[in-house]
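Each value in this text was obtained by applying a stated rule to the coordinates, not by laboratory testing. Remember, predicted model here, so these are calculated numbers, not experimental data. Virtual Cβ from ideal backbone geometry, glycine too; neighbours counted across all protein chains shown.
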2 protein chains.
Amino acid sequence: MDGACVFCSDDGGRIVFRDSYCRTVIADEPFAGFCRVIWNAHVREMTDLSPNDRSHLMKVVFAVESSLRELLSPHKVNLASLGNQVPHLHWHVVPRFADDSHFPHPIWGAAQRRATPRPVAADFPQTLAARLAAALDGGGRR
Amino acid sequence: MDGACVFCSDDGGRIVFRDSYCRTVIADEPFAGFCRVIWNAHVREMTDLSPNDRSHLMKVVFAVESSLRELLSPHKVNLASLGNQVPHLHWHVVPRFADDSHFPHPIWGAAQRRATPRPVAADFPQTLAARLAAALDGGGRR
């Protein structure tokens with residue numbers, strides 16, 4: 001726990017999955033379906049986790065990728081664990097579309113165009129939560 | 001195999017680890033120790049791999065992260081699988097330093113400063129290869 005860390009003091013978005021190790025949130029970012037998977041404890045690098053904890057976190061990341069592909073049919077999915085500004089282990093899971101503001105460049109570079117609006121379904125959080133619960137409940141460590 | 005794909009037609013850098021599933025190369029990029037872990041077959045997304053193949057690829061990625069931390073002591077490690085321009089599964093494993101050209105921003109955005117030169121040891125490729133062989137030989141699938 002680090003009092004100055006945003007992921008220690010705040011959920012980081014709307015929670016769609018949580019267990020005792022990590023949580024998945026829908027991020028407040030201008031990319032449809034952008035999720036983050038955040039390790040609950042204040043840990044810096046993947047290799048600071050035990051191999052079992054690493055596997056668990058990646059299992060959640062891949063369940064999010066899989067659910068987002070099913071729900072949004074993105075052109076590509078981007079996965080990244082950077083943490084340069086917030087060194088609290090978290091993964092960005094970003095559905096990418098050929099007409100999004102930055103494609104085919106990473107979302108962290110210069111925008112290439114005005115994004116085509118891509119509203120998600122009103123029940124997207126609930127649907128995503130249900131898919132993650134089905135994919136992860138009983139299938140992994142709790 | 002896709003004849004137009006650079007990772008189908010070229011190793012992608014200097015190889016420091018290879019097995020029948022994937023390879024690790026030192027990338028030709030202006031960031032000291034920047035490695036890529038490239039799946040050998042032309043596969044698009046992590047969730048297009050079987051769970052066992054995913055685990056194997058991540059095991060290699062984490063062995064690279066661990067070896068780079070031991071050899072270079074970076075301030076942070078960045079991991080990313082994007083593939084928007086080359087949709088052939090590969091991971092960027094990027095040791096980051098507080099005085100590198102882009103820190104604390106992702107390497108794909110605008111440079112923040114002229115990078116402080118950070119030459120790696122002349123035997124860095126051999127040392128990294130030896131560490132990866134020790135970490136991965138016999139410990140995973142071949």
For the stretch A:1-28 and the stretch B:74-124, distance of Cα centres in Å: 26 Å
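Treat every Asp and Glu Cβ in the stretch A:81-136 as -1 and every Lys and Arg Cβ as +1, leave all other atoms uncharged, and give the resulting dipole magnitude about the Cα centre to the nearest 20 debye.
Numbers: 5 positive and 3 negative charges, 20 e Å.
Taking the Cα centre of the stretch A:81-136 as origin, the dipole is about 100 debye.
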Using alpha-carbon coordinates, inclination of helix B:124-136 to the longest axis of chain B, degrees: 40 degrees
Semi-axes of the equivalent ellipsoid for the stretch A:1-90, Cα gyration tensor, largest first, Å: 21, 15, 12
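Mean shadow of the stretch B:84-142, computed from the convex hull of its alpha carbons, in nm²?
On the way: hull surface 25.4 nm².
Approximately 6.3 nm², given one-decimal rounding.
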Shortest-first distances to equivalent copies, position residue A:52, nm, label 7 Å out along Cβ: 2.2
Size of charge dipole - the stretch A:7-107 - debye, nearest 20, with Cβ of Lys, Arg +1 and Asp, Glu -1, no other charges: 180 debye
Nearest 10 degrees, 0 to 90: helix B:51-72 Cα axis against chain B principal axis: 30 degrees
Which of A:68, A:46, A:84, positive extreme of dipole for the stretch A:45-98 (C-beta unit charges): A:68
Solvent-free Debye scattering, log10 I(q)/I(0), computed from the Cα coordinates of the protein assembly as shown at q = 0.10 Å⁻¹: -0.52
Other-copy label distances relative to residue B:70, 7 angstrom Cα-Cβ extension, nm: 4.0
Theoretical FRET efficiency, 1/(1+(r/R0)^6), r = Cβ-Cβ of residue B:123 and residue B:2, R0 35 Å, to 0.05: 0.50
Fluctuation leader among A:15, A:107, A:38 - chain A, Gaussian network, Cα springs under 10 angstrom: A:107
